[in-house]
1. Have a look at the DSSP beta bridges in the chain and tell me what percent are antiparallel, nearest 5.
2. With no solvent and one point on each alpha carbon, what is the Debye value of log10 I(q)/I(0) for segment 1-68 at q = 0.17, 0.19, 0.23, 0.28 Å⁻¹?
3. So for each of 20-27, 78-85 I average, over its residues, the number of other beta carbons within 10 Å; can you give me the resulting order with the highest mean first?
4. Just the number, please: carbon plus sulfur as a percent of the accessible area of the chain, 1.4 Å probe, no ligands or DNA/RNA counted.
5. Could you work out the per residue convex hull volume over the alpha carbons of segment 81-136, in cubic angstrom?
6. Which net charge results for the neighbourhood of Thr49, defined as the other residues with beta-carbon distances under 14 angstrom from its beta-carbon, given Lys and Arg at +1 and Asp and Glu at -1?
7. Which value in deg cm²/dmol, rounded to the nearest 500, describes the helix-derived mean residue ellipticity at 222 nm for the chain, given -39,500 (n - 2.57) per DSSP H run of n ≥ 4 and division by the residue count?
8. In segment 159-188, whose amide N lies under 14 Å from the spot 7 Å out along Cα-to-Cβ of Thr17? List them in ranges.
Amino acid sequence: MKIGVLAMQGAFREHITSLASLGVEGIEVRRERHLEGIDGLIIPGGESTTIGKLLVEFNLLEPIRELAAGGMPVFGTCAGMVLLARDIIGSDQPRLGLMNVKVKRNAFGRQVDSFEVDLDVPVLGEKPFRAVFIRAPYLEEVEPPAESLATFMGKSVMARQGNLLATAFHPELTNDLRIHRYFLEMIK
């Protein structure tokens, strides 16, 4: 199995390390040719406006949309969640717009307001997931066929829509590999 990790900005190396810990090859994606032969794609955290502009500049928006429409699983963390969202509150930035969700950027505050919390994620089992929130978004609306998988302070922070998965937090910054494993199960 080969998983592409968008490597334009953000925590892409940490995702590749998480995948390697699960015995899966991570491929850095910077150009359209890097999408060939991958089984899934991770869009990491970082700055969603910058990543969106780079997706346009490197002509990756449409190829990724087409792969996702064809059923390839795509997982977005933090800025990746923003880029997967259909609607971004207060922004017309470039996005993939694949998930039936409305996202609020930097919803929990600025960098200095970053935090960690034990989060209940029922699809992962009973043990809470230690979630790292850094200038994190949340989902203001989650409409079918999208479904919320976890909430914090009454706000959705993890969602799935078929072959699409999004988290407001950074599972790649922890040693808990359950969310990456869950994504890999979506591919199988």
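1. Once the DSSP bridges in the chain are tallied, antiparallel ones form about 50 percent.
2. With no solvent term, the Cα-only Debye profile gives -0.55, -0.68, -0.98, -1.32.
3. Per-residue mean Cβ counts within 10 Å order the peptides as 78-85, 20-27.
4. 46 percent
5. 89 Å³
6. +1
7. -7000 deg cm²/dmol
8. 171-177
The values are calculated or read from the model by the stated rules, or taken from the named source; none is laboratory data. Predicted model only: the values in this text are computed from it and were never measured. Neighbour counts run over all protein chains shown; Cβ positions are idealised from the backbone, glycine included. Accessible surface is based on the protein model in full, side chains and every heavy atom, while ligands, DNA and RNA are left aside. Shrake-Rupley method; radii C 1.70, N 1.55, O 1.52, S 1.80 Å.
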